[in-house]
Amino acid sequence: MNDLDLSLKERIARLEGAVGWERTPVPLRKEYAIPVVGFLVLSIVLTVWAVGFPNHHYQLVLALLVVLLCYQREAFARTTRILTWAYAVLNTAILTLVCKLLIGLGEKYPLAWMKLPSVTLRDDPESTLGKIVPNLNIAWGETPLAQWAIDFTILQTFLLLLTIVAALFEFQPFASLTALLLLILSLPALMGFNWDYLFWGIICAAVGLYLQTRDANAQ
């Protein structure tokens with residue numbers, strides 16, 4: 001639906017930012033109903049094959065939050081109640097897997113390399129040379145800094161929440177910055193996934209989500 005299809009009252013309300021103005025609902029095209037399900041199911045299968053199943057409840061919570069915000073802001077086209085629930089479940093499932101790309105590193109020891117050497121004298125009674133030349137044994141012991149652990153899952157979740165909130169309020173510079181930081185923090189996990197399947201899983205997910213949007217179904 002383009003601007004010419006809006007009534008004069010809707011145009012004025014949109015331009016003046018009138019309270020309570022709602023966009024005209026856009027129905028989902030009938031020819032998109034089955035392809036949406038097909039693309040989403042295929043993306044779920046490929047993504048699970050590539051990254052495995054979700055491993056943290058934060059992934060499900062954030063995916064559910066994004067889906068609810070999309071429906072609340074009417075980003076998706078209208079359809080029947082049964083299809084709406086089916087699409088909501090599939091959208092939540094694929095976004096949960098996508099969140100695994102950005103959340104779930106767990107605890108890491110960034111300063112594990114900070115160790116101190118300790119020298120001990122190894123006594124070998126059977127060695128005649130050891131009685132003349134000391135037999136030294138060097139071992140590396142962990143320091144308190146080396147045992148310092150950081151929960152990267154919490155950091156990833158915090159950055160993703162900031163990105164979602166900034167995008168919700170259309171604060172694009174801040175959203176771009178937090179998204180970049182999140183991407184840099186998630187690089188170790190991204191390199192460990194099977195991208196032969198993940199690439200096509202993301203493509204199918206993008207197509208399935210786009211076919212549900214208002215723009216894709218506008219007449």
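The values are calculated or read from the model by the stated rules, or taken from the named source; none is laboratory data. What you see is a predicted model, and the numbers here were worked out from it, not measured in a lab. Positions of Cβ are backbone-derived with ideal geometry, glycine not excepted, and every protein chain shown enters the neighbour counts.
Which count do you get for residues in the range 62-75 that are assigned to a helix (DSSP H, G or I) and exposed (fewer than 13 other Cβ atoms within 10 Å of the Cβ)?
Of the residues in the range 62-75, 2 are assigned to a helix (DSSP H, G or I) and exposed (fewer than 13 other Cβ atoms within 10 Å of the Cβ).
Any chance you could count how many residues in the range 76-85 are touching a residue at least 40 places away in the same chain (Cβ under 8 Å) and assigned to a loop (DSSP other than H, G, I, E, B)?
2
What number of residues in the range 183-206 are buried (at least 18 other Cβ atoms within 10 Å of the Cβ) and of a type in the set (A, V, I, L, M, F, W, C)?
5
Considering only residues that are surrounded by fewer than 17 Cβ atoms within 10 Å (Cβ to Cβ) and in contact (Cβ under 8 Å) with a residue 60 or more places away in the chain, which ones fall in the range 165-182?
Scanning the range 165-182 gives a single hit, Leu168.
Write out, first by first residue and then by second, each pair whose Cβ atoms fall under 7 Å of each other, whose residues are 6+ apart or on separate chains, and whose first residue, in the range 51-62, is in the same structural domain as Leu90 (by TED's automatic domain parsing) while the second is crowded, with 20+ Cβ neighbours inside 10 Å and of a type in the set (Lys, Arg).
Val51/Lys100; Pro54/Lys100; Asn55/Lys100; Gln59/Lys100
Which residue, of Leu198, Leu211, is modelled with pLDDT of 80 or more and in contact with a Pro (Cβ under 8 Å, 6 or more places away or on another chain)?
Going through Leu198, Leu211 in turn, the sole match is Leu211.
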